[in-house]
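Each remark here refers to the structure printed beneath this line.
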Amino acid sequence: MDIKNKRIAVLAPVAWRTPPRAYGAWETVASNITEGLVARGWKNVTLFATKESVTKAKLEGWVERGYEEDKNQIPLVSTCLHISKVMERADEFDLIHNNFDYLPLTYLPLIKTPMLTTIHGFSDQDILRVYHDHKDSYYASISDSDRDAGLPYVATVYNGIDLSNLTFRETPGGKLVHYGRIHNDKGTHLAIDVAKRCGMDLIIAGIIQEQSYFDNLIKPHINNSSVQYIGPVNPAQRDALLKEASAVIHLNLIPERFGLVMAESMAAGVPVIAMDLGSCREVIADKETGYLVNNVDEAVEAVGKIAQIDRRKCRRRVEENFTIDCMAAGYEKVYEEIFRREEQKK
């Protein structure tokens, strides 16, 4: 049987639409996996997401809108309903590709269909107990740095992004840009510090995930001239934003799991200045597509050297490593390995 005739269920979260209108990293990845498989000729792919989601695969859903977009919902109720409905139909598929964290794993004793879980990060160390309790399942990491030593991973498959939404520009803009989640972990306040010390304008974009942090450490600096906050951005707005950038400042304070922001920025030809934590060293080629730094002083120094970066190399690194097709090809190999192991169990 041609492996591309296998029946694949891609399980996406239901916080946002898949793909999201603006923010929604896991939904973005679930969408890109689905569309990547379809583009590579997989014939029986079903995306389980919100009902209003958009895909070239078959779409199934029970939650009309994402619970982050419809505040009348109770998130846990929508989550449990969505997952349980998928598991009720598990026998209809040859593989469930879970992009919805740890809760689907709790159904494994009740179903026969193998499950691959792409681990997008551990929001709490206690969650690891669930993964360790189901070591007979299959796990994929999104970077080598984001692995737990006690888990049996099948492979690392880097996230892939849609290059059609990101215009490469060889000529840099004149501003610094920081976008993504507005949260202490992402170091938004450090980006402001870097911009001020460099005497450059800064544009901040993204969803506010820590309101007190924004109110106390970010908002007082916003003046709509040298420091702007423009809110969350959709793909078209993100593309326009990156046109303004000479560099993207990504001074994360915790280890990065993968970092879609870094890949997206480089795809547009924009070098990234990032803390040397977690996956940043895997995504950025230091001194070729950006700079890895350890503190604000080094970030300020890196801004002064940003013109030395060949923006074509930034785009090329993404084309060679972080596209939707690269990711889909990686998961094809993982699926093949899972089916091989499952056949050996018979």
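We did not get these values from a lab; they are worked out from the coordinates using the rules stated. In this text, all values refer to a predicted model and were calculated from it rather than measured experimentally. Cβ placement follows ideal geometry from the backbone for every residue including glycine, while neighbour counts extend to all protein chains displayed.
The table for this structure:
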| quantity | calculated |
| --- | --- |
| Candidate set: the range 200-239, residues that are charged (D, E, K, R) and exposed (fewer than 15 other Cβ atoms within 10 Å of the Cβ); chosen: the one nearest to Ser164 (Cα to Cα) | Lys219 |
| Matching entry among His97, His132, His82 (being farther than 30 Å from Ala268 by Cα and crowded, with 20+ Cβ neighbours inside 10 Å) | His82 |
| Test set (1) within 20 Å of Ala9 (Cα to Cα); (2) in contact with a helix residue (DSSP H, G or I) (Cβ under 7 Å, 6 or more places away or on another chain) - Arg341 fails condition number | (2) |
| Residues of the range 111-133 satisfying the condition of being touching a strand residue (DSSP E or B) at 6+ places or on another chain (Cβ under 9 Å) and under 18 Å from Phe93 (Cβ atoms) | Ile111, Thr113, Pro114, Met115, Leu116, Thr117, Thr118 |
| Scan of the range 57-115 for residues that are over 24 Å from Pro232 (Cβ atoms) and of a type in the set (D, E, K, R), ordered by number | Lys58, Glu60, Lys85, Glu88, Arg89, Asp91, Glu92, Asp94, Lys112 |
| Any hit, the range 311-331, residues being aromatic (Phe, Trp, Tyr) and within 17 Å of the chain's Cα centre (by Cα) | yes |
| Flag if Val45 is of a type in the set (Val, Ile, Thr) and within 14 Å of Leu116 (Cα to Cα) | no |
| Subset tally (residues that are in a helix (DSSP H, G or I) and of a type outside the set (D, E, K, R)) for the range 207-231 | 9 |
| Residues of the range 258-296 that turn out to be touching a Lys or Arg at 6+ places or on another chain (Cβ under 9 Å) and of a type in the set (D, E, K, R), as a count | 3 |
| Pairs, first under 13 Å from Phe258 (Cβ atoms) in the range 22-41, second part of a helix (DSSP H, G or I), C-beta under 6 Å, six or more apart | Ala25/Leu260; Asn32/Ile324 |
| Residue in the range 300-317 that is farthest from Tyr158 (Cα to Cα), counting only those that are surrounded by 17 or more Cβ atoms within 10 Å (Cβ to Cβ) and in contact with a Cys (Cβ under 9 Å, 6 or more places away or on another chain) | Val300 |
| Total residues in the range 290-340, condition within 21 Å of Thr188 (Cα to Cα) and hydrophobic (A, V, I, L, M, F, W, C) | 8 |
| Matching residues in the range 128-155 - criterion: being touching a residue at least 24 places away in the same chain (Cβ under 8 Å) and in contact with a Gly (Cβ under 9 Å, 6 or more places away or on another chain) | Tyr131, Ala140, Ile142, Ser143, Ser145, Asp146, Ala155 |
| Residue within the range 172-184 that is over 24 Å from the mean Cα position of the chain (by Cα), farther than 26 Å from Cys314 by Cα and of a type in the set (Lys, Arg) present | no |
